[in-house]
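S.K.: I'd like to ask you about the structure that follows.
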Amino acid sequence: MKNLFYTFIILFSSFSFAQDENETKYNQYIQEAFDLLLAKDYRLASNKFKAAFDQIDGKAYPNDRYNAACAYALANSPDTAFFHLFRLAESENVKYKDYRHITTDEDLNSLYLDERWSQLMSIVIANKDEYEKDFDKPVVAMLESIHEEDQKYRHQINEIEEKFGRESEEMESHWRLINEKDSINLIKVKKILDEKGWLGPNIIGYEGNSTLFLVIQHSDLETQLQYLPMMREAVELGNANPGSLALLEDRVALRQGKPQIYGSQIGRDMETGEYYVSPIIDPEQVDERRAKVGLGPLADYASHWDIVWSVEEHIKRSLELNKEKETK
């Protein structure tokens, strides 16, 4: 599904919308389709995906086509599901290659016993092998393990908090475990960075490249300051994602007592549990800065924490937070 598929970076199909109206309708139908997919109305979600693709003569962004395949598979329409998956795998612009994801995606379970599945996997594996032929395989394998360790326990946070509470012993124990894993991962990543530099996706893949960032993002301020110049240089050379650098810049700024630049860091009221966007410099222009590094509008980003973004409310809360700091 989309919430999983967006964690992997892929190349977008090369097409242009015929006109702005078609683009607007496409985006509208895609959002409706995804909402229906989350609501488990798979048949109607499939219809909405089709309506979206019809706006641009059957073309689609790869992540939308993948989610459409999931919807059709869940709606017991294997022929159409396979149609979209084969389009992804055989497209010269995409050449879908994420074998690990597609073979563990429960949305596609109904397709696994179909004879077409093995044919599809042969193409995916061939795409993967071609893409990775020049990779540093030992480093890639290490980073895959590190990525799993970094994300696995963080994905359990909400479940533990809902079951035991934010201030519970179980939650504190879980954070100790996360910190322990982070420390081990950091030793390994620092060794890679110190010996090989900030390796690009052409050597370790997009997930491996993202893992370098994740581990530094979850490290202490001293370490972040040490490797921030290296990541800035990597972005200039095309070896790191500008959006990821923006997140690191924001975290470092807040840790130094400064306002963030891109609005990526979310705070939480310890009494109410309410989330809010941590203080931003010049919040009126934040979306322009986000766009320059490939990040979407802050309102969309903030909505993931049920935050309704308002510049006026943000300025008001930021002033209150500064007053609280001054009184401590």
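The values are calculated or read from the model by the stated rules, or taken from the named source; none is laboratory data. The shown structure was predicted, so the numbers you read here are calculated from the model rather than taken from an experiment. FYI the Cβ positions are ideal-geometry reconstructions off the backbone, even for glycines, and counts take in every protein chain you see.
S.K.: With part of a helix (DSSP H, G or I) and touching a residue at least 60 places away in the same chain (Cβ under 8 Å) as the only criterion, which of GLU284, GLU236, GLU207 stands out?
M.R.: On the way: GLU284 fails: touching a residue at least 60 places away in the same chain (Cβ under 8 Å); GLU236 fails: touching a residue at least 60 places away in the same chain (Cβ under 8 Å).
Matching residue, one of GLU284, GLU236, GLU207: GLU207.
S.K.: Would a scan of the range 49-62 turn up a residue that is within 21 Å of TYR112 (Cβ to Cβ), charged (D, E, K, R) and out of contact with any Asp or Glu (no Cβ under 9 Å at 6 or more places or on another chain)? Lay out the reasoning, then the answer.
M.R.: Let us first name the residues in the range 49-62 that are within 21 Å of TYR112 (Cβ to Cβ), namely none.
The answer is no, given that none of the residues of the range 49-62 is within 21 Å of TYR112 (Cβ to Cβ), charged (D, E, K, R) and out of contact with any Asp or Glu (no Cβ under 9 Å at 6 or more places or on another chain).
S.K.: Assuming ASP306 fulfils every condition listed in (1) within 21 Å of ARG255 (Cα to Cα); (2) loosely packed, with under 13 Cβ neighbours inside 10 Å; (3) charged (D, E, K, R) apart from one, which condition is it?
M.R.: Condition not satisfied by ASP306: (1).
S.K.: Also, quick follow-up: From the residues in the range 75-115 that are aliphatic (A, V, I, L, M) and touching a Ser or Thr at 6+ places or on another chain (Cβ under 7 Å), which one is farthest from GLU130 (Cα to Cα)?
M.R.: Going through the range 75-115, the residues aliphatic (A, V, I, L, M) turn out to be 75, 81, 85, 88-89, 94, 102, 108, 111, 113.
Imposing the further condition that a residue be touching a Ser or Thr at 6+ places or on another chain (Cβ under 7 Å) reduces the set to 75, 94.
Numbers: ALA75: 33, VAL94: 13 Å.
Among them, the one singled out is ALA75.
S.K.: What are the pairs with Cβ atoms under 9 angstrom where one residue, in the range 297-310, is touching a residue at least 24 places away in the same chain (Cβ under 8 Å) and in the same structural domain as ILE280 (by TED's automatic domain parsing) and the other, located anywhere, is assigned to a helix (DSSP H, G or I) and hydroxyl-bearing (Ser, Thr, Tyr)? Sequence gap at least six, or different chains.
M.R.: ILE307/TYR301; TRP309/TYR301; TRP309/SER303
S.K.: Here's a follow-up. Residues that are without any contact (Cβ under 8 Å) to a residue 60 or more places away in the chain, more than 30 Å from VAL94 (Cα to Cα) and not assigned by TED's automatic domain parsing to the domain that holds HIS84: list the helices (runs of 4 or more DSSP H) wholly contained in the range 114-173 that include at least 3 such residues. It would help to see each step written out before you state the result.
M.R.: Working: elements: 115-131, 137-152, 157-164.
Per the criteria, 157-164.
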